[in-house]
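Since the structure comes first, as structure tokens, the remarks are kept for the end.
Bear in mind these aren't lab numbers, they're just calculated from the coordinates by the rules spelled out. Keep in mind that this is a model prediction, so the values were computed, not measured. Positions of Cβ are generated from backbone atoms using ideal geometry, with glycine treated the same way; all protein chains shown enter the neighbour counts.
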Amino acid sequence: MTAASRPEGLSFSVAIVEPTTLLGRDVRAVLTERKFPASRVHLFHQAGGGTGLLAAADDEVAFVAPLTDDALETSRIAFLCGSAAETARFLSTRADGALAIDLSGVRNGQALVVPSEGDESRTLPSGNLFLTPHPVAFVLAETIRLVETLAPVTGITAAVDRPTSELGKTALDELFQQALALATFQPLPKDVLETQGAFNFWVPPDSHAFEKSVADDMAALLGRSIPTTILSARSGVFHGHFLRIELRLGGDAPEASGLLASFRAQKHAFDVVDPEDLSGPVESAGRDETLLLRCETSGRRVALTLAADHLRRAGALLAVRLAEQAALERGWLAR
């Protein structure tokens, strides 16, 4: 549903938990971009004790209240944009009926929820908690489904470079300070990253958990398991995942030109980049589309290189589209 086609009707209050995180800021931006009919947006934080705080938002100073067990009772929909650990603690004690759309990565046995796409007509589940998939799993599943319109996919290997922005603003600030320190031959700050992140790659302790989460979420989105290998590393870039993918097929690979045409037809999801542009994660920042940087086919194999902003289409935009669909289906907005 586009902003231009959205029906006029009732409005209601929504909440954003941790609006000062990078993800929280993008959720606020997408709500504005899509003219979501919120009569009021309540802001809550999970850290810093039981007092409110002031934070910059949209060139203004906004009050961010502490997130108590019943804080969401005046909101119809809440976007949870904090850490998985803090969000899990809140969900275990919450005392409200708001529809919580959780972008934190909490996994408690519930099914992942995604909005209908294109001509699909898929009713969202009932209940007051929607878990969204990991952004990398979303991109991988979307890529597999597109390739499978031409040939069956029987296996996948994906090398994933994870951006420092996943760790939040403090990590980005330290990465910037590390770059300055290296340029001036000064000691490197390592309080957040615990290693040299600038101009570097490393394998953090949570790599196995990350790789398993991506594989599990991808299988859930596809509705089936396929042989999957995820190889990840943390990279010293500010923004965007960088993915090199090999898809193994159950038949002969399609011609690269035909596959590229299929990607180009999905303009809302992919942007095919001229290889001579030398684009990458930097160019994906702020983009809803996943950038397709390389496409090669041979035998029963497809090799793809992608760059995707993990905060946008598979994060903030997906969450807001879920809110739009839920509001229509539950009669909170006029059709």
Looking at the chain, identify the longest residue range that excludes and avoids all chymotrypsin sites (Phe, Trp or Tyr not before Pro) in DSSP loops having at most 13 other Cβ atoms within 10 Å.
1-184
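State whether the range 18-81 is rounded, prolate or oblate according to the following rule on the C-alpha gyration tensor (a ≥ b ≥ c being the square roots of its eigenvalues): a/c under 1.5 gives rounded; otherwise a/b larger than b/c gives prolate, and the remaining case gives oblate.
Numbers: a/c = 1.83, a/b = 1.27, b/c = 1.44.
Verdict is oblate for the range 18-81.
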DSSP beta bridges in the chain, what fraction antiparallel, as a percent rounded to 5?
50
Loop trypsin sites (Lys or Arg not before Pro), the range 143-227, which have at most 16 other Cβ atoms in a 10 Å radius of their Cβ (DSSP)
LYS190, ARG224
Once both label points are put 7 Å beyond Cα along the C-beta direction, the LEU260-SER126 separation in nm becomes 5.1
Nearest 0.05, what FRET efficiency do THR157 and ALA95 give at R0 = 51 Å with Cβ-Cβ as r?
0.70
Report the label-to-label distance for ALA209 and LYS169 in nanometres (one decimal), using points 7 Å from each Cα along the Cα→Cβ vector.
2.4
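Taking the mean number of other Cβ atoms within 10 Å as a proxy for protection, how do you rank 103-109, 35-41 from highest to lowest?
The peptides rank, most packed first, as 103-109, 35-41.
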If you filter the range 202-263 for GluC sites (Glu not before Pro), then keep DSSP loop positions with at most 15 other Cβ within 10 Å, what is left?
GLU255
Dipole moment magnitude, nearest 20 debye, the chain about Cα centre, only Lys, Arg, Asp, Glu C-beta charged:
540
At q = 0.10, 0.16 Å⁻¹, what log₁₀ I(q)/I(0) does the range 136-310 have when each alpha carbon counts as one equal point scatterer in the Debye sum?
-0.42, -0.95
Largest first and in whole Å, what are the equivalent-ellipsoid semi-axes of the chain based on the Cα gyration tensor, each being the root of 5 times an eigenvalue?
32, 27, 18
Under a straight-distance cross-link criterion of Cα-Cα below 20 Å, which lysines are reachable from LYS190, leaving out those fewer than 8 residues away in the same chain?
LYS169
Would you mind pulling out the separation of the Cα centroids of the range 269-329 and the range 65-103, in Å?
29
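For the range 136-310, what is the charge dipole size about the Cα centre, in debye to the nearest 20, if Lys and Arg each add +1 at the Cβ and Asp and Glu each add -1 at the Cβ?
The dipole magnitude comes to about 380 debye.
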For the charge dipole of the range 177-335, defined by +1 on Lys and Arg C-beta atoms and -1 on Asp and Glu C-beta atoms about the Cα centroid, which residue among SER279, GLY250, HIS208 has the Cα displaced farthest towards the positive pole?
GLY250
